[in-house]
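Remarks on the structure that follows.
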Amino acid sequence: MSHALLAAFAAPEPLMRMVQQARDKSLGLIDAFTPYPIEGLSEALGQKPTQIPWWMLGGGVAMAVLFYAMEWLSATRLYPFDQGGRPLNSWPTFIVATVEISVLTAALTGFVAMLVKAGLPRLHHPLFECGAFERASQDQFLLAIAAPEDAQAAGAARQALWDAGAVWIEEVAL
Amino acid sequence: MSAAPNPEAGGWIAPDIDSCEAVNRLIAAPLLDRQGWGRQQWRGWWMLMGIALPLTGVFLLGVYMILAKGIGLLGNNTTIVWGFPIANYVWWIGIGNAGTLISALLLLTRQTWRAAINRFAEAMTLFSVAIAGIFPIIHLGRPMFFYWLAPYPNPMTLWPQWRSALVWDFWAIASYLIFSIVFWYTGLIPDLATLRDRATRPLTRKLYGVFALGFRSSARQWTIHQSFYKTMACLAVPLVCSVHSIVGMDFAASVMPGWQESIFPPYFVVGAMFSGFAMVVILAALIRKALHFQSLVTDRHFDVIGKIIVASACIMGASYATEWFTAWYSGERAQRTYLAYVFTGTYAPFYAIMLFGNVIAPQVLWFKRARASLPTMVTVAVLVLIGMWFERILIIWNTLGHDYLPTLWRAFWPTIWDYLVLVGSLGVFLLAFLLFVRLLPSVSMFEMRELALRERRP
């Protein structure tokens, strides 16, 4: 079981500064927890692009192809029906439902991709053991860095956090 | 003018909301604060419940009777086969559209003021689309076979008719409803996490916790969440336009005079946005009064919505004028007699009400003083909703009642069941909305927190 130092800041700017500092000092950055999304924060923490839009595109296109194939198959092979001399494969009218269902599939694919990538649902997490962690979803900007093993380095890390403007620091087991 | 943010500073929140905690306290209080929000505060809610519950009962009774006895209970006849149900369907789905448009379009254009209204506007979408979906089913002659619209393996080896507008409708409503639920729920997840962390009673905590899925507000989760949410917004805008265009094509894909017009899809989309914004005005006024959200839903919000409504009213006016012009310019007898019937026929007074509500009344919103007055805004909104309802009704009554063959000309007179189901559907909407404001944050907390912090810092 590893340990982490959880430090809280009152505003996003000191948190961002601390993230920069931690990278310079090569402290182990784990994650940050903020009451609202902060642009550039997760990139600073080393997160790669999520690729979710690509998953959604893939899901949508796959469904569009499948759905149109079903329409084509049913209208031209399985149940051909001459409606006022229109071509059996009346593609302009077939597109309508295809578009709707493929947008829906893209949405559902994206939702599943979001859950998988975010590791959700996960109703319990060791961080929830720390009472003050609740502030992250409300009004404080939290940063978790790996707690250094030796006492001197740990002291220095704590000092750096205090210097950056931390409101409180707690050690948590992860 | 109660809470006035400083317009010069570009403010969308009243000055008393100066921190994340102030936002949380204000929005979560009605849901979690048992002391401050006792019976007294919820009295108005219970009174509205007293209206909504019986009306929901009326709706259920109406739907039950129609399903049990058949469509003969309604005023629909062999000429005007669509009558009330399809008009109500178009009206409700139109109201629904604006919720998604407000949320998605304003997110993509980085309009920060959307944060105050997007959540309940999306809830409005959800409820009205769900209600809209019921109407096409009850207007069927054999509603028990509505699932024949879906392709499924069956012993008759039948397949849906993909060229049929009814089949398009089925996919459009189903996709749109599920899409809206996903979009709305995704936006709710971070707020549910906040409520989980703020709740003191164990059961409340657990319930919000389960629906928050264990969201930890971590930077990585936020990026993933936002990436999905914004892509959804990109998809939502064309989806909304396509859904209501399909509704427009239900009409335009026919050869009836007054329907077969290429302007119908965009004209339906604008009409939808128009009626939806009107409903948003009413709901925003209610929420702000009942939940004391004056600091979040400010006069400035009503001001911009007023501008959108007056702009839409002008587009509606231009659409009507285009309709009249093309009907006259076509030179076709059926089109011209149809046009004459619209202005002088059985339903001419309703047409006048429609024009007044949709085009004339909203013009008052050109004036800043009118937009600043909540009673004026709400009155205009109600007139717009009435006008839009008459538009939906008249599109059906006028065209079906007066098409090519004069021997088929007939008028439609609604029965008591038509009215009961219409009024009942308003009750269902009210009930769903009341439950929503009681159980879930009606304003997006995480977006408001960001806005509050950004506005209070230089």
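At-a-glance table
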quantity: Alpha carbon centroid spacing (whole Å) that separates region B:188-264 from region B:347-422; calculated: 29 Å
quantity: Whole-Å semi-axes of the ellipsoid equivalent to the protein assembly as shown (Cα gyration tensor, √5λ, descending); calculated: 49, 29, 22
quantity: Options B:F302, B:P155, B:L431, ranked by Cα towards positive dipole end of the protein assembly as shown, top entry (Cβ charges); calculated: B:L431
quantity: Residue-averaged 222 nm ellipticity for chain B, from DSSP H runs of 4+ at -39500 (n - 2.57), nearest 500; calculated: -23500 deg cm²/dmol
quantity: Hz values of 3J(HN,Hα) by residue in region B:447-452 - Karplus curve (6.51, -1.76, 1.60), Gly and Pro given as x; calculated: 6, 5, 4, 4, 5, 4
quantity: Cross-link table A:K117/B:K206; A:K25/A:K48; B:K230/B:K368; A:K48/B:K230, entries beyond 29 Å C-alpha to C-alpha; calculated: B:K230/B:K368
quantity: Dimensionless Rg over Rh [region A:53-118; C-alpha; Kirkwood]; calculated: 1.16
quantity: Whole-Hz couplings from phi, Karplus 6.51/-1.76/1.60, listed for region A:122-138; x for Gly and Pro; calculated: 9, 5, 10, 8, x, 4, 5, 5, 7, x, 6, 4, 4, 5, 4, 8, 10
quantity: Charged-residue dipole, Cβ positions (Lys, Arg, Asp, Glu), the protein assembly as shown about Cα centre, Debye nearest 20; calculated: 780 debye
quantity: 10 Å Cβ neighbours from other chains, averaged over peptide A:26-36; calculated: 5
quantity: Mean residue ellipticity (222 nm) of chain A, computed from DSSP H runs ≥ 4 via -39,500 (n - 2.57), nearest 500; calculated: -15500 deg cm²/dmol
quantity: Selected from B:V378, B:F146, B:M65, residue furthest toward positive end of dipole (chain B; charges at beta carbon); calculated: B:V378
quantity: Given charges at Cβ of Lys, Arg, Asp, Glu: the protein assembly as shown dipole, positive-most of B:L108, B:M47, A:L123; calculated: B:M47
quantity: For peptides B:277-287, B:362-372, sequence by mean Cβ density within 10 Å, most packed first; calculated: B:277-287, B:362-372
quantity: Lys, Arg +1 and Asp, Glu -1 on Cβ, resulting dipole of chain A about Cα centre, debye, nearest 20; calculated: 560 debye
quantity: Shielding score for A:121-128, defined as the mean number of other chain Cβ atoms within 10 Å; calculated: 4
quantity: Calculated from backbone phi, Karplus (6.51, -1.76, 1.60) coupling profile of region B:205-212 in Hz, x at Gly/Pro; calculated: 4, 5, 5, 4, x, 5, 6, 6
quantity: Distance from region A:109-174 to region A:19-65 (C-alpha centre basis), Å; calculated: 16 Å
quantity: Size of chain A as Cα extents on the principal axes (Å, biggest first); calculated: 85, 28, 27
quantity: Placed amide H near A:W168: partners under 5 Å, 5+ positions off or other chain; calculated: A:A8
quantity: Relative packing of A:25-33, A:159-167, which averages over residues the other C-beta atoms within 10 Å, highest first; calculated: A:25-33, A:159-167
quantity: Cα gyration tensor shape of chain B, rounded if a/c is under 1.5, else prolate or oblate by comparing a/b with b/c; calculated: prolate
quantity: Only Lys, Arg (+1) and Asp, Glu (-1) charged, at Cβ; chain B dipole about Cα centre in debye; calculated: 1220 debye
quantity: Per-residue mean of C-beta atoms belonging to partner chains within 10 Å, peptide B:190-196; calculated: 3
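Each value in this text was obtained by applying a stated rule to the coordinates, not by laboratory testing. Please read all numbers here as calculations on a predicted model, not as lab measurements. Cβ sites come from the backbone with ideal geometry, for glycine too, and all protein chains shown count toward neighbours.
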